[in-house]
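The values are calculated or read from the model by the stated rules, or taken from the named source; none is laboratory data. Only a predicted model underlies this, so the values are computations on that prediction, with no experimental measurement involved. A quick note on method: Cβ atoms are made from the backbone with ideal geometry, for glycine too, and the neighbour counts reach across all protein chains shown. Side chains are part of the model used for accessible areas, which takes the heavy atoms of the whole protein and leaves out ligands, DNA and RNA. Shrake-Rupley method; radii C 1.70, N 1.55, O 1.52, S 1.80 Å.
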Protein chains: 2
Amino acid sequence: MIAKSLPNLFTIGNLFLGIIAIISVFNNKPELAAIMVIVAMLLDGLDGRVARALNAQSEFGKELDSLSDVISFGVAPAFIMYVVAFTELNAAAAWIVTAIFPICGALRLARFNVVAGTPGYFIGLPIPAAGGVLCTLALFHQELNTIVLALSTLLLSYLMISTVKYPNFKKIGIPKAAIWITPVVVIAAVVLAIQFPGTLSKMIFVPLLLYALYGLKKNVDRVFFFLRRKRKKAVDEPESKTTAI
Amino acid sequence: MIAKSLPNLFTIGNLFLGIIAIISVFNNKPELAAIMVIVAMLLDGLDGRVARALNAQSEFGKELDSLSDVISFGVAPAFIMYVVAFTELNAAAAWIVTAIFPICGALRLARFNVVAGTPGYFIGLPIPAAGGVLCTLALFHQELNTIVLALSTLLLSYLMISTVKYPNFKKIGIPKAAIWITPVVVIAAVVLAIQFPGTLSKMIFVPLLLYALYGLKKNVDRVFFFLRRKRKKAVDEPESKTTAI
C-alpha cells in the first residue's frame with residue numbers, strides 16, 4: 001500500500017512546494033521560492049522513476065503529475081519573474097507575459113498527455129526544465145534588463161509548445177533496492193538548498209539553460225536549412241529556365 | 001477551424017483569469033481577484049457546453065480544462081484566502097491549510113479524469129464550486145473569525161475528495177444557434193462584475209454555498225444512518241442473546 005502510494009506522495013510534495021513557492025514570493029522571498037521550485041524538480045524527477053521501479057505506474061499518477069507540474073513549474077516561476085522584474089513594465093504587458101508562460105505550459109502538458117510520444121524524446125521543452133530556467137533566471141534580475149527577461153520568458157514559452165525534439169533521460173532509472181534512499185536524497189537536497197541557496201540555484205541554472213538552448217539551436221538550424229534549400233531552389237530555377245529557352 | 005478552437009479559447013480565458021487573479025492578490029486587490037475567479041467560472045461553464053454544441057469535444061480540451069481548473073479554482077482561491085485571513089495564523093499552519101485546498105482539488109481532478117463517472121452526478125464537490133465558495137467566502141473575512149475560515153477551507157477540501165454524489169447540470173446545454181452569443185454573455189458578465197463587484201460576488205456565494213452544503217448534509221445523513229443501524233443492532237443483539245439463553 002505504502003509502496004503503491006510512494007510515487008504519488010512525491011508528486012503531492014512537488015505540488016506542496018509549488019504552493020509554498022507562490023506564498024514565499026508574496027512574502028517577498030523570491031530566492032526561497034526559486035529553491036522550492038528546484039526541490040520540486042527533484043521530486044518530479046523521482047516520482048516517475050520510483051513508480052517505474054516499484055511497478056506502481058498509474059493513469060491517476062500521470063494526471064496528478066501534470067496538475068502538479070503546471071503549478072510548480074508554470075505558475076510559480078512566472079509569478080517569481082512577475083514580482084522581481086515585470087512589475088516595472090506596463091501593467092497589461094506584465095499580465096500578458098506572466099500569463100503566457102503557464103498557458104504554454106498547460107498546452108504542452110495537455111498535448112503530452114494525449115499525443116503518443118517518440119521513444120527517447122520529448123516533443124517541445126518539458127515544463128520542469130522551462131520553469132527551472134525561468135526561476136533561476138529570475139535570480140539574476142539585477143544584472144539583466146527587464147526586456148531581456150520578458151523576451152526570455154516568451155522564448156521559453158515558445159520552446160514548450162514547439163515541436164523540437166528534446167532528449168529525455170527517463171531511461172536513467174533507479175534500482176529497486178535504492179528506492180528507500182530517495183527520501184534521504186530529498187532531505188539532503190532540502191538541507192543543501194537552505195544552506196547554500198544562491199550557489200545551488202545558480203549551479204542548476206547552467207545545465208538547464210544548455211538543455212533549453214539545445215532546442216533553440218535545433219530550431220535555428222531548421223530555419224537555415226529551409227533558407228538554404230529555398231536559395232538553392234531559386235538558383236536552380238533560373239538555370240532550368242535558361243535551359244528551357 | 002475557429003469553431004473547433006472556440007471551446008479551448010474559453011478554457012485558455014479561464015486559465016488567464018486564474019493567473020490574473022493571483023497577480024491581483026499580490027497587488028493587494030483580493031476583491032478583484034475574487035471577481036476574476038467568478039468570471040473564470042462562467043468561462044468554465046461555457047467551454048464544455050460550447051464543445052458539445054459544436055461537436056468539438058476532444059481529449060486535449062479535457063486535459064487543458066483540468067489544468068486550468070486547478071489554477072483558477074484551486075491555487076487562486078486558496079491564495080486569496082491566505083492573504084486576507086491566514087497570514088494571521090502561525091506560518092506553518094497557514095502554509096498547510098493553504099496548500100491542502102489545491103492538493104485536494106488536484107486529487108479530485110485526477111480522479112475525475114480516470115474514474116468512469118455516474119451519469120447525472122459528480123463524485124465529490126467539483127473544484128469550480130469549491131473554489132467559488134472559497135473566494136467569495138474570503139470577501140466576508142472581516143465578519144468571520146480566521147479559525148472559521150480555516151475550518152471552512154478544510155471542509156471544502158474534504159468535500160472535493162469525498163465520495164458524495166453532487167448533481168451535475170451538464171445536460172442544460174446551449175442550442176447551437178446561440179453559440180455565437182456566448183462571447184457577448186462573457187463581456188456582459190465582465191462589465192457587470194466590474195460595475196457591481198461586491199454585489200455580484202455575494203450573489204454568487206449563496207447558491208454555491210447551498211450546493212456545497214448539500215453534500216455535507218448527505219454526509220451527515222449517512223453518519224446518522226450508520227449510527228442508527230449500529231444502535232438498532234446493539235438493541236437487537238442483547239435480545240437475541242436473551243432468546244438464546
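Worth pointing out:
- Those residues of the stretch B:1-15 which are open to solvent by less than 50 Å² (accessible area, probe 1.4 Å) and away from chain A (no Cβ under 14 Å), in sequence order: B:ALA3, B:LEU6
Yes/no matrix, rows are residues, columns are (1) open to solvent by 70 Å² or more (accessible area, probe 1.4 Å); (2) hydroxyl-bearing (Ser, Thr, Tyr); (3) at pLDDT 75 or above:
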| site | (1), (2), (3) |
| --- | --- |
| B:VAL191 | yes, no, yes |
| B:PHE196 | yes, no, no |
| B:TYR211 | no, yes, yes |
| B:GLY215 | no, no, yes |
| B:PRO238 | no, no, no |
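- In the condition set (1) open to solvent by 40 Å² or more (accessible area, probe 1.4 Å); (2) at pLDDT below 90; (3) touching a Ser or Thr at 6+ places or on another chain (Cβ under 7 Å), A:LEU139 is compliant with all but (1).
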